[in-house]
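A short worksheet on the structure shown next.
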Amino acid sequence: MGERPGTTRLRTLVGNHARLAPIARLLGSSVLDVEDGRVTVEFEVREEFKHPGGAVQGGIVTAYADLCMALAAQTHFEPGQHMSTSSLTLNFLAPITAGPVIGEGTVVKKGRSVVFMEAVIRDREGNEYARGTSVGSIRAAASRAESPPKESPRRGWSQK
């Protein structure tokens, strides 16, 4: 069996760093390897990502893992499909104080409407910093002309 179309599309996308999502650029990500259901990404560890204790803030580490899992899921998608993260759990095993770090995202199982994923964040020597799991809802891309954004009232928020 040949490579999945989603894997081929992702390989093409990551070959052009300018076309990566803004969050991928913000995190200083470089895709190292793409296979069906698995993606390996290297991330910069920037000083501005660290809290006063000198370690990378947990939300940034979570973003590393989420990006790896989402990219791995993309390898299983048909044209026009994308994913919204429904749940994400991350266990922090050790503080990240230096980089770069390597993230690996893996698809555990893909159904018709959901995809189950795992991620691990390590350094180049293989020391683990975080492990996570995620569930994503598979969505079809809707044309903006067909489905205008819905307005929802914000209760308790002032709109000044």
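So which residues in the range 51-82 are without any contact (Cβ under 8 Å) to a residue 60 or more places away in the chain, among the polar types (S, T, N, Q) and closer than 11 Å to Ser134 by Cβ, if there are any at all? Result: no residue meets the conditions. Evaluating Val56 against the criteria (1) surrounded by 15 or more Cβ atoms within 10 Å (Cβ to Cβ); (2) within 16 Å of the chain's Cα centre (by Cα); (3) more than 11 Å from Ile121 (Cα to Cα) leaves one unmet condition, (2).
The residues in the range 74-94 that are surrounded by 15 or more Cβ atoms within 10 Å (Cβ to Cβ) and at pLDDT 95 or above can be counted, and the count is 3.
Does any residue of the range 28-47 turn out to be more than 22 Å from Gly136 (Cβ to Cβ), modelled with pLDDT of 95 or more and in a helix (DSSP H, G or I)? Within the range 28-47, one or more residues are more than 22 Å from Gly136 (Cβ to Cβ), modelled with pLDDT of 95 or more and in a helix (DSSP H, G or I). Considered as a group, the residues in the range 127-147 that are over 21 Å from Gly37 (Cβ atoms) and at pLDDT 95 or above include one that is farthest from the chain's Cα centre (by Cα), and that residue is Asn127.
Conditions (1) among the β-branched types (Val, Ile, Thr); (2) out of contact with any strand residue (DSSP E or B) (no Cβ under 7 Å at 6 or more places or on another chain); (3) crowded, with 18+ Cβ neighbours inside 10 Å; (4) on the phi > 0 side of the Ramachandran plot, marked per residue:
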site: Pro100; (1), (2), (3), (4): no, no, no, no
site: Val115; (1), (2), (3), (4): yes, no, yes, no
site: Arg124; (1), (2), (3), (4): no, no, no, no
site: Thr133; (1), (2), (3), (4): yes, no, no, no
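The residues of the range 118-140 that are without any contact (Cβ under 8 Å) to a residue 12 or more places away in the chain and of a type outside the set (Gly, Ala, Ser) amount to a single one, Glu125.
The values are calculated or read from the model by the stated rules, or taken from the named source; none is laboratory data. Computed from a predicted structure; not experimentally measured. Methodologically, a virtual Cβ is constructed for each residue, glycine included, from the backbone with ideal geometry; neighbour enumeration extends over all protein chains shown.
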